[in-house]
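Just below is one structure, and these are the notes that go with it.
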Amino acid sequence: MSSILDTSSLYSTYSQSLAASSTSSLESSISNVSEDTEDDELMEVCKSFESYFVQKIIEQAKSSIAGSEDEDGEYMQYFGDILNEQYADAIVESGSTGLAQQLYDSMKNNLGL
């Protein structure tokens, strides 16, 4: 019996559009940085970049583990990206990597902001 709704293609389409929207949102945030940008806004853009970067590292680390995709349940297949995003946000908020702060300092010094 075939399903009217193919969930794997639906998930694939959703994850591709989510990745594209995250990337374009980040690009627009970075391109809007100017001399009029407040310090808080600049730090938020830097944290957004760090969060995106850490999320991609988490995804690559998970994909390098042999058999991890086969062992994940149905829910992890659908909501794993959201979980990775939450992990990345938690890492950024803890300040343990310091990438956002380094990027912020570099932009302040080099761009004269």
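The values are calculated or read from the model by the stated rules, or taken from the named source; none is laboratory data. Remember, it's a predicted structure, so these values are computed and weren't measured experimentally. Cβ placement follows ideal geometry from the backbone for every residue including glycine, while neighbour counts extend to all protein chains displayed.
Things worth noting here:
- Restricting attention to the range 82-111, the residues that are assigned to a helix (DSSP H, G or I), without any contact (Cβ under 8 Å) to a residue 24 or more places away in the chain and either farther than 15 Å from PHE49 by Cβ or of a type in the set (S, T, N, Q) (or both) add up to 9.
- Boolean, GLN55 is at pLDDT 90 or above and part of a helix (DSSP H, G or I): yes
- Which numbered condition TYR11 misses (of (1) touching a helix residue (DSSP H, G or I) at 6+ places or on another chain (Cβ under 7 Å); (2) hydroxyl-bearing (Ser, Thr, Tyr); (3) at pLDDT 90 or above): (3)
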